[in-house]
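Read the figures in this text as sums done on the coordinates, not as results from a lab. Keep in mind that this is a model prediction, so the values were computed, not measured. Here Cβ is always computed from backbone atoms with ideal geometry, including for glycine, and neighbour counts include all displayed protein chains.
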């Protein structure tokens, strides 16, 4: 089968098109907008039989998505970052309604300070909502996961909404070769949506509502949502197996690479996993026993598969592209809880936080992580959590602070200031005895 | 793996350029990854785009830090350190610059010894500095320099990526691009993929423990007067308004009032003066001037004074 070059956003749109989504409530946000634009063009051109409505906010968008899903139509929607947070109330609500639909989230770091680029704090804010989460590492992965997500969300054992997560820029605007599966085969795989008891026909009015309930029934219904999410692990495996048979690409709930004989293992998720893979390739060439464990499912959490894959490893380095303020890396925390008390759990479980706000993780940092893990294996002492941040980066920040008048420049070499706002000037800042600041500007030449 | 980076300004088609080159490599049987990179979208802002092409699976992603070829579609970017044109150059890297200046001139200006290939501005009299074909032209030249892409494959890629264009525009793009491809024949294949480096040749990672700072420093806010004066927004310009004082009737208020950035002042003789350090090139004054005394002229590719170092700047 032939491939085409598609962006991550394009692959996401293709997933919705092939799944024959009936309805797309939409609201634009960078870096997600291209998904909506692509779908809207197809709808206008008659390539996709679907209704799209541009809503007034992500909150309305999610409400519309959930409401439509529980009247028996197949729904797709997409958002990112601030948009996901703005919709947060309805994430919990629609998951609580057990509304089956698929949403793409294009990961982008959260404000403030503001960024357009990728990290996972947005998607992790949705972690406890009841949405299931599939995390993608390539553009092919995005298209395929969207198809798998429809099977998962509509499975009567599950019926929870699913987020397919792709990283902004690193996937959203990045083109890679993607195989677009044959429509007929996708139809065979997904089939029409059977909403069972969740139907609405205009000439047969029915009431549909969620009741206000006390603690006992509330506990029951919330816990049933949790049980459904846990059941989704088994259901996911079945669907992924079926997908592999039909399309030849296998997507286990966790992906392991060179793990079997590895001493040290990277644990992470998202598009940077392929960078880790490259690092593993190079480290293996240098004779180091290194592997990668990449989460595809984060919710439900494949705890058993994870602890099995990491059994008897000497050291694990979790690379979190997120930070739980006041605690640290979310994946690290979760992994610790999954491994604690397990036989053969790795002695060293080290935390690395990197790639916040789109900050790159160059390959030499993966090398250094392995050095750190090997050292820890020798000493038996788990290293302190580490932010991937270099002295040069610190210097750049100090220069920005000098420009913002936050710190005196006495120790800062301002001739190399790196900021889009300062192209020809440097600043002399002095703080006088009254602690008032004064600024003079001069040309560098 | 080929690693190729395009630098240009928003509106000059760098994303399209990366798509054309990416598609051309793809049609020649390569695995490809291409992507644009930009901040807050703005016409005239420095942006870059990149292409990776390999017969192996491409696992690396994100910004290309060690390019085999750097294409500079707008040589005024060489003056702007944040554009990051010279980031990650090594002896192996070839530069392709659209410029009226010579290779020697740029070697001296950028203080590099790299092979620099000049692509002459292909339209002598430009009616728009954005030169909408420039992306396609740069992609075509790069295709030839790689030595991996045939002329017919390039044409196919151009037709595929420019299929939304009207016939006249498509023809112009094809003509200019294929000419640019042919003009590079003397350097065909000069760009080659870098060899894999052994682990110990990578620069050491110098992580630090980020210090605790008081909130007065560590909150991401600015508390200082007149900060907008520090922003030299003149570098955003692709078109430059130039006042013809023979035509200016000295009304002294229309252009200066309409200027949204207050960068036209009136001198003692009642004549408007444009502050080119701040003028963003919106051309509102050109439209508003009653006697049509302001011309919109393409920014020349004359480099201005070199004002900051490029060391340590990431693209």
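For chain B, modelled as a GNM whose springs connect Cα atoms under 10 angstrom apart, the maximal fluctuation among B:158, B:89, B:21 occurs at B:89.
Scaling against 2.2 N^0.38 Å puts the C-alpha radius of gyration of region B:1-51 at 1.16. The Stokes-Einstein estimate for region B:1-88, based on a Kirkwood radius over Cα pairs and taken at 37 °C with 0.692 mPa s viscosity, is a diffusion coefficient of 251 µm²/s. Computed over chain A, relative contact order equals 13 percent, with contacts defined as Cα pairs under 8 Å that lie 6+ residues apart. Listing B:197, A:175, A:296 from fewest to most neighbouring C-beta atoms within 10 Å gives B:197, A:296, A:175. Under Stokes-Einstein, with the Kirkwood radius over Cα pairs as Rh, the value for chain A at 10 °C and 1.306 mPa s is 67 µm²/s.
Taking the fewest neighbouring Cβ atoms within 10 Å as the starting point, the ordered list for B:277, B:75, B:200 is B:200, B:277, B:75. Can you give the log10 of the normalised intensity I(q)/I(0) at q = 0.14, 0.15, 0.20 Å⁻¹, computed with Debye over equal Cα scatterers of region A:1-149? Evaluating at q = 0.14, 0.15, 0.20 Å⁻¹ gives log10 I(q)/I(0) of -0.61, -0.71, -1.32.
Taking the Cα atoms only, what angle lies between the long axis of helix B:14-27 and the longest principal axis of chain B, rounded to 10 degrees? It is inclined by approximately 20 degrees. On a 0 to 90° scale, report how tilted helix A:33-45 is relative to the longest principal axis of chain A, with both axes built from alpha carbons and the result rounded to the nearest 10. Once rounded, the angle reads 40 degrees. Taking every DSSP helix (H) stretch of at least 4 residues in chain B, weighting each as -39,500 (n - 2.57) and dividing the sum by the residue count yields a mean residue ellipticity at 222 nm of -7000 deg cm²/dmol. Beta bridges per DSSP, both residues in chain B: antiparallel share near 65 percent. If you restrict to DSSP beta bridges whose two residues both lie in chain A, what percentage is antiparallel, to the nearest 5? Percentage antiparallel, nearest 5: 35. Eigen-decomposition of the gyration tensor built on the alpha-carbon atoms of the protein assembly as shown gives equivalent ellipsoid semi-axes of 45, 32, 29 angstrom, largest listed first. Only beta bridges with both residues in the protein assembly as shown are counted; by DSSP, about 50 percent of them are antiparallel. Percent of C-alpha pairs per 10 Å bin in chain B, short distances first: 6, 24, 29, 22, 14, 5, 1. Between the helical axis of A:139-154 and the longest alpha-carbon principal axis of chain A there is an angle of about 40 degrees.
The ranking of A:398, A:222 by Cβ neighbour count inside 10 Å, starting from the fewest, reads A:222, A:398. For region A:3-247, the mean projected area of the C-alpha convex hull, equal to one quarter of the hull surface, is 13.4 nm². Averaged over the residues of peptide B:154-161, the number of Cβ atoms from other protein chains lying within 10 Å of each residue's Cβ is 0.
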